[in-house]
Amino acid sequence: MTEKSKVDQKALSSTDNASRNEKGINLLLDIPLQVSVEVGRARILVRDLLQMQEGTLIELEKLAGEPLDLYVNSRLIARGEAVVVNEKFGLRLTDVVSPSERIENLGS
């Protein structure tokens, strides 16, 4: 095999791998994910849960004005602030978890 054909074969192989990777990524793009925004958390007793009625207040651990947490499939992905867009609530991201941290969170 000549040097030129070895180089051509490597280039072709590299192109094939890139094409396969792109097809693999495209397969993942249509997978639905559960997205949720957490305002805060609280621990309550069953007794208190059973006594709840309209107008009951639950004190959350977060302070007013603290960033809200964005979870994707129960994994923290970002934090942000609540906004109103066309009379609906939205979340403006202010801090996105790095890709390496997201990968670390997958195992936990």
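Read the figures in this text as sums done on the coordinates, not as results from a lab. All figures in this text were calculated on a predicted structure; none of them were measured in a lab. Cβ atoms come from the backbone with ideal geometry, glycine included; neighbour counts cover every protein chain shown.
Here are some notes:
- Each residue of region 49-64 was assigned a 3J(HN,Hα) from its phi angle through the Karplus curve 6.51 cos²θ - 1.76 cosθ + 1.60 (θ = phi - 60°); the sequence is 4, 5, 8, 5, 8, 4, x, 5, 9, 10, 7, 8, 6, 7, 7, 4 Hz, with glycine and proline shown as x.
- Estimated translational diffusion coefficient (Stokes-Einstein, Kirkwood radius over Cα pairs, 20 °C, 1.002 mPa s) of region 34-106: 150 µm² per second.
- A simple rule links phi to the HN-Hα coupling: the Karplus curve 6.51 cos²θ - 1.76 cosθ + 1.60 with θ = phi - 60°, which for region 79-85 gives 10, x, 10, 6, 9, 10, 10 Hz, with x for Gly and Pro.
- The residues packed around Leu60, meaning those with a beta-carbon under 10 Å from its beta-carbon, carry a net charge of -2 if Lys and Arg are +1 and Asp and Glu are -1.
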